[in-house]
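Structure first, commentary second.
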Amino acid sequence: MNPLRKLAGQTAIYGLSTIIGRLLNYFLVPLYTYQFAEPGEFGVVTELYAYTSFLNVILTYGMETALFNFSAKADDKATVYSTALLSVLLSTTLYLALALGQADTLAGLLRHPDRADYVRWVAWIIALDALAALPFAKLREQQKAKRFALLKTTNILVTVAANVFFIGLCKWAYDSGAAGWLAWAAELYDPAVGIGYVFIANLIASGLTLLLLTPELAAAKPRFDVALWRRMLAYALPLLVAGLAGMVNETMDRVLLKYLLPPDIAMEQLGIYGACYKLAVLMNLFIQAFRYAAEPFFFSYYRQREARELYALVMNWFVIACSFIFLGVMLNLDWIQYFVGAKYRAGLGVVPILLMANLWLGVFFNFSIWYKLTEQTRFGTYLTVWGAVVTLALNIHWIPRLGYMGAAWATLACYGSMALLSYVLGRRFYPVRYDLKRIVGYPLLAVGIWQLTERMPALPFWAEFSFDNALLLVIFALVVVLERHRLPGPPPLRPS
């Protein structure tokens, strides 16, 4: 199969499950922001999930990418997998014992002394997700995209169903004083738990997902190669540092909003920012789906003579797709905004900034494949540490002055500078002839078209909706015409 079409097919499978599942999850945002109308309540969820991102990186410590790298070069793939899995199992067990034992202390440190139960639930979620990470990576390494997609979709469906049950049904029944056949639902709801049902729903889904991964867990042999483990750690630990710095870039803004803003408005601002961040979900979904497919794909083809031309071509189409996602969201923001409650819409100004920031994060991921292919993963650390420094410096400077808008601009500056530095370094160590005119031009074109539509005379909703989306289709058709000579891709390659 043509490699570009293969990558597109894999991305579509990963993306279909991710998009369907996440879109269902996305529809939970109205549930949260309308049922818990005060942004401060949603701010607690935003904050704790920010910490979750850091701990997920720590507990997998680069072993997923190490699995791809060492499996691609090893005859005994089973030993590579079992060594990585047993390592993560041991470290996760130690973490869970510590987190559960110190839950009350941690809740106090987070300024939520009465929410130790939240801390315990989140600790279990993190542990279960860490244990599932290597089996999911194995499915990707074996290119079992359909099973991967099925399990991920199941996880999201269970999460959504549990949220709808606890918050949509039980809370509604409790608040409305439902009697008769719905009385049982009202009795199940505990107002002391409140928005903590978000974590309970997630915990149920994570536990079921790990149970469904039993065949992949059982496939691991009781083998632990110490010498191999040391080599894997040497490869993976720089990725851990890079991953932690990446989480600083991705989530530290939500942590700093709480501590850099006055206490009387901090949680409200955090809740508004967290909810409006969700409106940039389509860009995040596409990039996540692309990364699931692209990383093993890049490793499979890196020995081929035409690989660098293929990587450049992948980048072009990636940027085109992201530019259309940006334009599609911004041209439809007039109705998308109603996915969050009225008090949350004050933060809509962050949406275009965060969409563009995530576009450049995806560009950075494409540019940075060079240090993984050449096993110079220390450069991943350097680049993401640079991004973390930019994130911290700009957030500390801008948040007290601009609030959550400062956090959004800092995110864009971080990812844009990381992409630029990675491109410069990649030209030296693994040069690829990327088409910079397209990489920069298409995002700028998308921003320009959006700004032009913003300056047009106001129209009735139906007329504006029809015009904007017809314009989007026309632009899409023009791009296909202009890029049609690139659609077939390069000659088929055989994976190494």
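If you go through region 113-137 and keep only what is under 20 Å from the mean Cα position of the chain (by Cα) and open to solvent by less than 20 Å² (accessible area, probe 1.4 Å), you end up with V122, A123, I125, I126, A127, A130, A132, A133, L134, P135, F136, A137.
Please verify whether region 224-237 includes one or more residues that are open to solvent by 30 Å² or more (accessible area, probe 1.4 Å) and under 25 Å from the mean Cα position of the chain (by Cα). Yes, region 224-237 contains at least one residue that is open to solvent by 30 Å² or more (accessible area, probe 1.4 Å) and under 25 Å from the mean Cα position of the chain (by Cα). When each of L106, L96 is tested for being at pLDDT 95 or above and either farther than 27 Å from K343 by Cβ or assigned to a helix (DSSP H, G or I) (or both), the lone residue that passes is L96.
Residue-by-condition table, conditions (1) of a type in the set (F, W, Y); (2) within 30 Å of L261 (Cα to Cα); (3) part of a helix (DSSP H, G or I); (4) modelled with pLDDT of 95 or more:
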position	(1), (2), (3), (4)
E375	no, no, no, no
F379	yes, no, yes, no
G387	no, yes, yes, no
L394	no, yes, yes, yes
W409	yes, yes, yes, yes
A413	no, yes, yes, yes
G426	no, no, yes, no
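A count restricted to region 185-197 and to residues that are in contact with a Cys (Cβ under 9 Å, 6 or more places away or on another chain), part of a helix (DSSP H, G or I) and under 21 Å from T33 (Cβ atoms) stands at 1. Among the candidates L203, L182, L211, L169, the residue that is modelled with pLDDT under 95, closer than 28 Å to L150 by Cα and either among the aliphatic types (A, V, I, L, M) or not in a helix (DSSP H, G or I) (or both) is uniquely L169.
So that you can scan it fast, the table gives a plain yes or no per residue for (1) under 23 Å from A74 (Cα atoms); (2) among the acidic types (D, E); (3) at pLDDT 90 or above; (4) not in a helix (DSSP H, G or I):
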residue	(1), (2), (3), (4)
R254	no, no, no, no
D264	no, yes, no, no
Y273	no, no, yes, no
I287	no, no, no, no
F290	no, no, no, no
E309	no, yes, no, no
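For region 144-156: of the residues being out of contact with any Phe, Trp or Tyr (no Cβ under 9 Å at 6 or more places or on another chain) and over 22 Å from V193 (Cα atoms), which is most open to solvent (accessible area, probe 1.4 Å)? Don't jump to the end; show me each part of the working.
Looking only at region 144-156, we keep the residues that are out of contact with any Phe, Trp or Tyr (no Cβ under 9 Å at 6 or more places or on another chain), and these are 144, 146-147, 150, 153-156.
Narrowing further to those that are over 22 Å from V193 (Cα atoms): 144, 146-147, 150, 153-155.
Working: K144: 98, K146: 157, R147: 73, L150: 107, T153: 29, T154: 39, N155: 32 Å².
Only one residue fits best here, namely K146.
Against the definition (among the aromatic types (F, W, Y), over 27 Å from Q142 (Cβ atoms) and crowded, with 23+ Cβ neighbours inside 10 Å), how does Y338 come out, yes or no? Spell out the reasoning first.
Numbers: among the aromatic types (F, W, Y): yes; over 27 Å from Q142 (Cβ atoms): yes; crowded, with 23+ Cβ neighbours inside 10 Å: no.
Considered against the rule, which asks whether it is among the aromatic types (F, W, Y), over 27 Å from Q142 (Cβ atoms) and crowded, with 23+ Cβ neighbours inside 10 Å, Y338 comes out as no.
If you filter region 328-361 down to residues that are under 15 Å from Y26 (Cβ atoms) and among the β-branched types (V, I, T), you find that the one that is nearest to the chain's Cα centre (by Cα) is V351. In region 313-323, the count of residues that are under 25 Å from L282 (Cβ atoms), of a type outside the set (A, V, I, L, M) and open to solvent by 10 Å² or more (accessible area, probe 1.4 Å) is one or more.
Looking at I439, I449, I396, which is the one that is open to solvent by less than 40 Å² (accessible area, probe 1.4 Å) and more than 18 Å from V363 (Cβ to Cβ)?
On the way: I439 fails: more than 18 Å from V363 (Cβ to Cβ); I396 fails: open to solvent by less than 40 Å² (accessible area, probe 1.4 Å).
Answer to the check: I449.
Of all the residues in region 61-85, those that are of a type in the set (A, V, I, L, M, F, W, C), surrounded by fewer than 18 Cβ atoms within 10 Å (Cβ to Cβ) and in a helix (DSSP H, G or I) number 2.
The values are calculated or read from the model by the stated rules, or taken from the named source; none is laboratory data. Nothing here was measured: the structure is a model prediction, and the numbers come from that model. With ideal geometry, Cβ positions are generated from the backbone for all residues, glycine too; neighbour counts draw on all protein chains shown. We work out accessible area using only protein heavy atoms, side chains counted, and drop any ligands, DNA or RNA first. Shrake-Rupley method; radii C 1.70, N 1.55, O 1.52, S 1.80 Å.
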